Structure formats: C-alpha cells, structure tokens
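One structure follows; several queries about it will come next.
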Amino acid sequence: MQQSGVPGSRGCALCPLLGVLFFQGVYVVFTLEIKVDAHVRGYVGENIKLRCTFKSSSSITDKLTIDWTYRPPSSSRTESIFHYQSFQYPTTAGTFRDRISWVGDVYKGDASISISNPTMKDNGTFSCAVKNPPDVHHNIPATELTVTERGFGTMLSSVALLSILVFIPSTVVVILLLMRMGRKSAGLKKRSKSGYKKSSIEVSDDTDQEGGDCMAKLCVRCAECVDSDYEETY
C-alpha cells in the first residue's frame, strides 16, 4: 500500500475519480484500472459478449488472475462463473454451466467473456476482477445485463434492410430495361409513320430480338442469297 499525497480524510470526494481508495486510515492508489460496459442489452438465443479491459503497471505474468462473478437481480448472493490463470476455467455448475466462453487476450489487456444461448433468467449484475501481482488494488466495475426477446420492430427492420440490399437494385435494372424498350418502340413507330422501309439486315435483327420466328429467319436468309447471286451475274 502507498500513502498518497491527497489531503483530508475519509470524506475525500475526489478520491474515486483519482484512483484512490481510503483503507484502514491509509490512502491506497490503484495500480490496476479495469473498464467494462455499464449496461449491455442482449437477445434470447443470441451470443452476448461481456467486455472487460484492464491496464496494469506491471508486466503480464502467469500469476495474473481473472474472475467473473454474477449476482441475480434483487439478491446479494454472488456466483463465480469464470476463472482464468494461464488457462480458462469456466464454471461447470449452476446457471451458466457450459455456456461461458473466453474471448479475451490478457496480453492485450482484454478479459472479456461470452455467454451462449442466453435467456431472460440471465439478467443481473456481472463483475470483472483482475489481479496481476504486485498490482492487486483496483476498482470493481459492474455490468448490468438485460436479455429480452427480439420484438416485431427489430425483425421488421431486418426485413427492410434485406429489401434495400436485394429488391431495390433489381427494380432499378427493370426500370432501365423498360426505358430502353420504350425508346426502341418509339423509334420503330416513327420509322413506320415516315414510310421508312427496312433493309434485309434490319429485318433479320428485328426478328432475332422479337423472339425468333424460324420461318421468317429462313425467308430472310434465302432472300439474301438470291440478291447476292443476282449481283454476281452482272
């Protein structure tokens, strides 16, 4: 424990903000800083990540320990759900049996865990404690977890997003095709009104695009052959 230079006594209002704890008549400076999300919202059946990060003034060693505890709503009873010291030790009993996974990295200051298949019975307070000797004094942050069913509004927003990503591009393509067909139809009408007569090549192109009348194609090809033979005799 270290004696800080903060004057005053037990009534020091700024001590928690300065990372100082008054303990047995002595001001103790925190050598570990831990941060968590104060409130986390999750949905039934969807994995939930409880984030916990820490900063230590000492190098990470195999003596570092991480402990996660859980306290149900309106209860003072706490339950150990995860322990880490070189290896992961998720709880093998109780409410969270086989549902806690380690997703952190101690060398990056990450002590996060994940809860699989959450239910509304998992609502409550989760606390993350880290010790990295000789750094053992730290704040004790807590996360309030609220698990709910996904509502109709959330599902509707997902459907709307899918519509934007899939149907709108398709609609744009259809509109462009209709505009192109409209311009082509207007051009054909204009030609027919002005008495324009198509060549054999244009007739062939139109018959190919309009669907393919086999007999019409054959007639056009025969006409082209006759014209070519006639030109060669002269």
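Working out 0.36 nm times the residue gap between Y107 and E149, then minus their Cα-Cα distance, what length gain in nm do you get to one decimal? Don't skip to the end; give the middle numbers.
On the way: separation 42, 0.36 × 42 = 15.12 nm, distance 3.57 nm.
That works out to 11.6 nm of additional length.
How much length would be gained if the chain were fully extended between L178 and T92, taking 0.36 nm per residue of separation minus their Cα-Cα distance, in nm to one decimal?
24.6 nm
For the pair R77 and E46, what calculated FRET efficiency results from E = 1/(1 + (r/R0)^6), where r is the Cβ-Cβ distance and R0 = 35 Å, to the nearest 0.05?
0.85
Whenever you get a sec, line up I175, I34 from highest to lowest accessible area (probe 1.4 Å, protein heavy atoms).
Sorted by accessible area, descending: I175, I34.
The values are calculated or read from the model by the stated rules, or taken from the named source; none is laboratory data. Remember, it's a predicted structure, so these values are computed and weren't measured experimentally. When we count neighbours, we look across all protein chains shown, and the Cβ atoms used for this are built from the backbone with ideal geometry, even at glycine. Ligands, DNA and RNA are excluded from the accessible area calculation, which covers all protein heavy atoms including side chains. Shrake-Rupley method; radii C 1.70, N 1.55, O 1.52, S 1.80 Å.
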